[in-house]
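Structure record follows, encoded as structure tokens.
Just so it is clear, none of the values below were taken in a lab; they were calculated from the coordinates. Note that this is a predicted model, so its numbers are computed, not measured. All Cβ positions, even for glycine, are placed from backbone atoms using ideal geometry, and neighbour counts span all protein chains on display.
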Amino acid sequence: KAGVTQTPRYLIKTRGQQVTLSCSPISGHRSVSWYQQTPGQGLQFLFEYFSETQRNKGNFPGRFSGRQFSNSRSEMNVSTLELGDSALYLCASSLGQGPYTEAFFGQGTRLTVV
Amino acid sequence: QQQVKQSPQSLIVQKGGISIINCAYENTAFDYFPWYQQFPGKGPALLIAIRPDVSEKKEGRFTISFNKSAKQFSLHIMDSQPGDSATYFCAARNPGTYKYIFGTGTRLKVLA
């Protein structure tokens, strides 16, 4: 069974640009969550999508948005990039319903804003 | 109510020793408690998980101890090895929102 796939693995963008990150969940998983990880900051929750609907949202500005497609693949978009957006962006997939469902992470996309 | 408090922030253990990482939570509705291991530049990998109706779960050198009344759970790494050097995150799942709440992480270094 293939794991969670995130593309691209690395990105370098200029301040003010926008960026789109992609996440393909494990087959059969309908939930995709996105996290931002910066050194010493742990995992900051961005949002979660389940069956194409945003089900949970973290405390990030509106520049951060996402969507989920009918095949459960998800994209995350960051507009008007700032230097502070440099981070490892992780997505996690899970079944999204039922008890004791585990979440599995991708390798992440390392975004550097210069 | 939604927080999971993890300690210590960092931990140094000698090879062969026992590493212990603790987490505490407030929301008694949380229904699943996984631990993740993360190496630099990689995504967190699910290590071991426990349900609240179980007091202990062991997988190889890794054991979760769960104390429901104290609302605490801990990860024990027996016979710690240099290859265990990584950052460990505890988490708790809210069954109402299906959202995972993560601890702040513990950076473990095992000395050879």
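Numbers for the structure displayed
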| quantity | calculated |
| --- | --- |
| Among (1) away from every other protein chain (no Cβ under 12 Å); (2) surrounded by 13 or more Cβ atoms within 10 Å (Cβ to Cβ) - the single one A:G84 does not satisfy | (2) |
| Only listed residue being part of a loop (DSSP other than H, G, I, E, B), closer than 15 Å to A:G84 by Cα and either in contact (Cβ under 8 Å) with a residue 60 or more places away in the chain or touching a helix residue (DSSP H, G or I) at 6+ places or on another chain (Cβ under 9 Å) (or both), chosen from A:G16, A:G3, A:G40 | A:G16 |
| Selection from segment B:8-35 of residues that are in a strand (DSSP E or B), under 19 Å from B:K71 (Cα atoms) and of a type in the set (S, T, Y) | B:Y25, B:Y32 |
| Among (1) surrounded by 15 or more Cβ atoms within 10 Å (Cβ to Cβ); (2) touching a residue at least 24 places away in the same chain (Cβ under 8 Å); (3) away from chain B (no Cβ under 13 Å) - the single one A:S65 does not satisfy | (2) |
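Yes or no, residue by residue, for (1) more than 26 Å from A:P39 (Cα to Cα); (2) assigned to a strand (DSSP E or B); (3) out of contact with any Pro (no Cβ under 7 Å at 6 or more places or on another chain):
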{"site": "B:G41", "(1), (2), (3)": "no, no, yes"}
{"site": "B:L47", "(1), (2), (3)": "no, yes, yes"}
{"site": "B:D53", "(1), (2), (3)": "yes, no, yes"}
{"site": "B:S69", "(1), (2), (3)": "yes, no, yes"}
{"site": "B:F73", "(1), (2), (3)": "no, yes, yes"}
{"site": "B:Y100", "(1), (2), (3)": "no, yes, yes"}
